[in-house]
Amino acid sequence: PLTAAELPSGTVSRGAIEAGGSAVRGVGSLFAELPLAAAIAAALLVVGTLIVTRRPGALVGVPAALLGAAAGLGACVLVFQEGNLSELFDLVTVDALDTGAVAAAVCTLAALGAARAAAALAATRAERRLGVAPDGAAELAGALTLPGVAMATVAGVALTGALLGADLYAAKEFGFAVAVGLLLDLVLIRIPLLAALARWGG
């Protein structure tokens, strides 16, 4: 087979090959920017939390807001990039993630996590202002917020999980990351967060 260097200079074929090669080399990856983006998001959440609550204890909600996004990203790397559990989900994996899809999923999960942390903080503070002890405040705040969070999680997992059946590979990655992040947020983060906010954030 001929290489681009062996084709006559100025021909359409050589120009197309060289243009295609430079386009591939010019494609950037968002992964190098993810640590910086995470640091900026965490800093903004810290500042916003301190402005709203004026209580350093409320900062326990900041890592909780980002854990779902981290879990979704990690799950995508595990399944789509590394190929683990791909047979279980009937997926054909590739060597690299679609960074646009993953970035969109991470932003979605971080925003949802921040909103849920804010709702949990508001609920626990309301109970503490009524004179309820931390344990009782966490229990009452959970009774107020967890049913809605659970229903929203089920709906979100069903809708985004359906994207696993899509033909577009980026849609599969986005749906999988968001579904995993939402589930782990509900199962592993919500209850400990409520307890921590009731004790230190109220």
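The values are calculated or read from the model by the stated rules, or taken from the named source; none is laboratory data. Just so you know, these numbers come straight off a predicted model, no measurement behind them. Glycine gets a Cβ as well: all are built from the backbone with ideal geometry, and neighbour counts include every protein chain shown. Calculation scope for accessible area: heavy atoms of the full protein, side chains included, ligands and nucleic acids excluded. Shrake-Rupley method; radii C 1.70, N 1.55, O 1.52, S 1.80 Å.
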request  = State in Å² the accessible area per residue of segment 160-202; use a 1.4 Å probe, count heavy atoms of protein chains only, and round to the nearest integer.
outcome  = 43 Å²
request  = Could you check the simple spin-label distance between A119 and L34, using points 7 Å along Cα→Cβ, in nm with one decimal?
outcome  = 2.7 nm
ask   = Using a 1.4 Å probe, how large is the accessible area of F174, given in Å² and rounded to the nearest 10?
value = 50 Å²
inquiry  = Can you sort T124, T99 by solvent-accessible area, 1.4 Å probe, largest first?
reply    = T99, T124
query = Hey, with R₀ at 35 Å, roughly what FRET efficiency would D135 and L50 work out to, going by the Cβ-Cβ distance, to 0.05?
reply = 0.85
task = Please give, to one decimal in nm, the separation of the simple spin-label points placed at A162 and N84, each 7 Å out from Cα toward the Cβ.
result = 3.1 nm
